[in-house]
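In what follows, a single structure is set out as structure tokens and then discussed.
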Amino acid sequence: MKVEEDLIRLIKKLYENVDHCIGYPICQYPNMSGFGEWYTKTGLCDIGINNAGNPYDEEQYVLSSVEFEQDVIRTVAPWYGIPKGREWGFVTNGGTDGNMHGIYYGAKKLQRETGMLPIVYVSKEAHYSSFRLCDVQNLEVRMIDYDKHGSMDMDCLKRSIDPTRPALIIIAIGSTFMGATDNQAGIRKVLEETKPIAVYRHLDAALFGGYLPFTEYRDIVSMEKQGYDSIAISGHKFFGIDEPCGLFISRMDVLEAQKAYKVGYLRNNMPLISCSRNGLTPLKFYWILKNIGFDGFAAEAKSMLENTSYLQQKFDEIGYPAWHMPYSNTVFFKSPAEWIQKKYMLANGYLPDYGGELCHIVVMQHVKKAILDEFIGDLTNQI
Ligand SMILES: *Cc1c(COP(=O)(O)O)cnc(C)c1O
């Protein structure tokens with residue numbers, strides 16, 4: 001059958017390339033085959049599930065999986081230090097969706113508290129989705145310089161803050177190219193000194209937010225320790241789900257500060273931007289959380305960070321310029337020959353402080369020593 005032949009061609013191409021795809025933070029180690037079997041065996045594949053609406057509403061559309069969506073949020077909330085019983089969140093369609101809701105809820109909460117829309121402060125090294133989303137939401141943005149470690153520059157933030165307006169700070173926990181982490185203690189200090197009339201802090205932790213809770217650096221993503229208001233995490237990055245999805249986690253008071261948006265057929269108060277939402281990804285999250293669990297994630301995180309150090313050490317041994325930032329699984333280095341970039345599907349960047357043209361490798365679960373050795377071998381031969 002033609003359709004099947006076409007699909008097999010695609011699958012063949014994917015399998016031929018997957019082992020060398022080390023330039024992007026997508027986990028190519030999904031553990032979803034058990035889920036796939038269960039999905040067809042149980043007949044779930046023949047039901048159209050849809051999680052439209054707030055998953056925390058008591059009354060729900062029957063053909064949904066919101067019970068499991070709530071379970072996912074409840075399971076992960078303690079890992080992010082969310083005050084017990086105060087957590088609110090949902091499974092998103094990706095990190096961008098989480099950022100969109102964080103920015104939207106933050107702006108509306110601040111507007112409700114002060115009667116004014118905020119100024120958004122975000123580092124120039126943050127993911128582009130934050131700038132784009134502020135553009136979509138027509139918010140005033142001040143782009144903050146970053147220091148040589150890729151973290152938001154505290155002097156520039158201090159100079160940029162307008163204390164007469166509420167401040168919405170987007171904090172990058174794992175910036176896209178350099179893998180940099182903004183300094184939350186420094187930001188708190190600047191806020192104490194400049195005293196904007198109201199503050200909301202959203203963490204963009206799409207990649208690092210997946211693994212940090214399982215490492216000694218867990219306090220970085222702890223709401224209790226850092227006092228942030230919401231966090232966005234991707235599901236297809238560290239959590240290894242086989243399709244784009246993510247988590248938005250916040251608190252009940254953020255939800256309660258939103259203007260009621262009455263939609264009769266969605267049980268009246270509808271706080272989410274999208275109407276229909278994926279009912280399957282919460283089940284995949286549930287599956288992964290139950291099957292891998294805290295200890296399994298801790299082992300994966302440990303091995304990823306060990307392999308990151310291994311790669312850095314190999315670069316150092318051959319004297320090739322390469323760097324990685326604290327807590328990061330992203331190593332960036334001087335751009336190699338074109339054929340190497342192609343072979344490993346490397347992502348590009350440009351940083352004058354680091355010599356200009358650069359590439360990076362994101363050491364996800366599937367990026368093991370064997371492929372790193374092959375890469376270093378190729379690099380050595382091109383020198
Ligand atoms: C990947 C990433 C995003 C975008 O997330 P998607 O899941 O691709 O929508 C946003 N911010 C950071 C820091 C990221 O690493």
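Any read-out appearing in this document is the output of simple, stated calculations on the displayed coordinates, not a laboratory observation. In this text, all values refer to a predicted model and were calculated from it rather than measured experimentally. As a convention, Cβ positions derive from the backbone with ideal geometry for all residues, glycine included, and neighbour counts pool all protein chains shown.
Candidates in region 81-120 are the residues that are more than 16 Å from the ligand (Cβ to nearest atom) and of a type in the set (Phe, Trp, Tyr); of these, the one that is farthest from Asn183 (Cα to Cα) is Trp88. Taken over region 75-113, the residue count meeting the criterion of being without any contact (Cβ under 8 Å) to a residue 12 or more places away in the chain and closer than 17 Å to Lys237 by Cβ is 0.
A search for C-beta distances below 8 Å between a residue of region 258-272 that is in contact (Cβ under 8 Å) with a residue 40 or more places away in the chain and any residue that is of a type outside the set (S, T, N, Q) and assigned to a strand (DSSP E or B), counting only pairs 6+ apart in sequence or on different chains, returns Asn269/Lys262; Asn269/Val263; Met270/Lys262; Met270/Val263; Leu272/Phe90.
Determine whether region 241-252 contains at least one residue that is within 16 Å of the ligand (Cβ to nearest atom) and part of a helix (DSSP H, G or I). No, because not a single residue in region 241-252 is within 16 Å of the ligand (Cβ to nearest atom) and part of a helix (DSSP H, G or I). Looking across region 133-149 at every residue that is within 16 Å of the ligand (Cβ to nearest atom) and closer than 27 Å to Pro326 by Cα, the one that is surrounded by the most Cβ atoms within 10 Å (Cβ to Cβ) is identified as Ile144.
Please determine whether any residue of region 170-189 is surrounded by fewer than 18 Cβ atoms within 10 Å (Cβ to Cβ), among the β-branched types (Val, Ile, Thr) and either farther than 23 Å from Ser303 by Cβ or touching a strand residue (DSSP E or B) at 6+ places or on another chain (Cβ under 6 Å) (or both). Within region 170-189 (the criterion being surrounded by fewer than 18 Cβ atoms within 10 Å (Cβ to Cβ), among the β-branched types (Val, Ile, Thr) and either farther than 23 Å from Ser303 by Cβ or touching a strand residue (DSSP E or B) at 6+ places or on another chain (Cβ under 6 Å) (or both)), the answer is no, since none of the residues qualifies. Filtered by the rule that a residue be loosely packed, with under 15 Cβ neighbours inside 10 Å and either in contact with a helix residue (DSSP H, G or I) (Cβ under 6 Å, 6 or more places away or on another chain) or farther than 17 Å from Phe248 by Cα (or both), region 45-70 gives Cys45, Asp46, Ile47, Gly48, Glu58, Glu59, Val62, Leu63. Selection of helices (runs of 4 or more DSSP H) fully inside region 75-169 by the criterion of at least 1 residues being in contact with a Ser or Thr (Cβ under 6 Å, 6 or more places away or on another chain) and among the β-branched types (Val, Ile, Thr) returns 95-114.
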